[in-house]
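Report on one structure; see the data block that follows.
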Amino acid sequence: MWRMSRITLLGCTFVAGLQLAVGQSNNHPMPQEAGSTPKSTTDKPALTKHEQDFFARLAIFKEQGRRAFSDEIAREKAGDCPHAVSTYDMNMCLGREMEMTAANYNAYVGAVRSAQGLKNPGSDAASGPSSKPLSKKHLVKDFDEVEIAWQAFHKAQCSAAYDAYKGGTIAPTMSLTCHLELMRNHMRELEDIYQFMH
């Protein structure tokens, strides 16, 4: 046991000594030759004009998306219609809340869609581990098709929520609440799927 520990200790000492000798230690950078310009290990080639434009536009879409998402989550945390005292008040208030949520939802979805459609300067690269990337046109088409399917689900689900209470004064409340919850939940789903928007 002692012998194994001693060999391990000697091996670690040897590796650490080699790192110091070749200047790979984090604490002891390799000395520069006299008169030479220090080189940074983080030097990156300058971006092309096309790359600069891409990243500038992507930053705009990210900001639009983040703002809409954050505004909606903050509104949700504050609570919908805490001062409504009657079903009528609640329905009127939820109608206004739904309009604001729909505006944030549309802004967020629009930002994600626009970012999906940006032509990435490196997108013509060779196939990766999971195959060749889809064209931007195809990505946007896929996004639109999924969004159309989600909108159909959203409409059907909230219609069913209304129908479950049809005849009662709470039916509109249930439908409006459904719209709010589904849009907010879908924004969260998109936030998880399209992580490049973070």
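Which of (1) assigned to a helix (DSSP H, G or I); (2) at pLDDT 95 or above; (3) surrounded by fewer than 16 Cβ atoms within 10 Å (Cβ to Cβ) is the odd one out, the single condition K166 does not satisfy?
Only one criterion is unmet by K166, namely (1).
In the range 91-99, is there at least one residue being free of Cβ contacts under 8 Å to residues at least 24 places away in the same chain, within 20 Å of A56 (Cα to Cα) and either exposed (fewer than 14 other Cβ atoms within 10 Å of the Cβ) or touching a His at 6+ places or on another chain (Cβ under 6 Å) (or both)?
No, that holds for no residue.
List every residue pair whose Cβ atoms lie under 6 Å apart, where the two residues are 6 or more positions apart in sequence or sit on different chains, the first residue falls within the range 145-156 and is part of a helix (DSSP H, G or I), and the second residue, located anywhere, is surrounded by 12 or more Cβ atoms within 10 Å (Cβ to Cβ).
H154/L182
When you go through A74, A68, A34, A46 one by one, which is the residue that is modelled with pLDDT of 50 or more, assigned to a helix (DSSP H, G or I) and surrounded by fewer than 11 Cβ atoms within 10 Å (Cβ to Cβ)?
After ruling out the rest, the residue left standing is A74.
Out of (1) over 19 Å from the mean Cα position of the chain (by Cα); (2) within 28 Å of K136 (Cα to Cα); (3) at pLDDT 90 or above, what's the single condition that is false for Y88?
Unmet condition: (2).
Is it true that H154 is at pLDDT below 95 and under 30 Å from the mean Cα position of the chain (by Cα)?
No, not satisfied.
Select from the range 169-198 the residues that are buried (at least 18 other Cβ atoms within 10 Å of the Cβ) and of a type in the set (A, V, I, L, M) and write down the one among them that is modelled with the lowest pLDDT.
Checking each candidate, the answer is M197.
Out of the residues in the range 118-134 that are exposed (fewer than 13 other Cβ atoms within 10 Å of the Cβ) and of a type in the set (S, T, Y), state the one that is modelled with the lowest pLDDT.
So the residue we want is S127.
The values are calculated or read from the model by the stated rules, or taken from the named source; none is laboratory data. Keep in mind it's a predicted model, so treat the numbers as computed, not measured. When we count neighbours, we look across all protein chains shown, and the Cβ atoms used for this are built from the backbone with ideal geometry, even at glycine.
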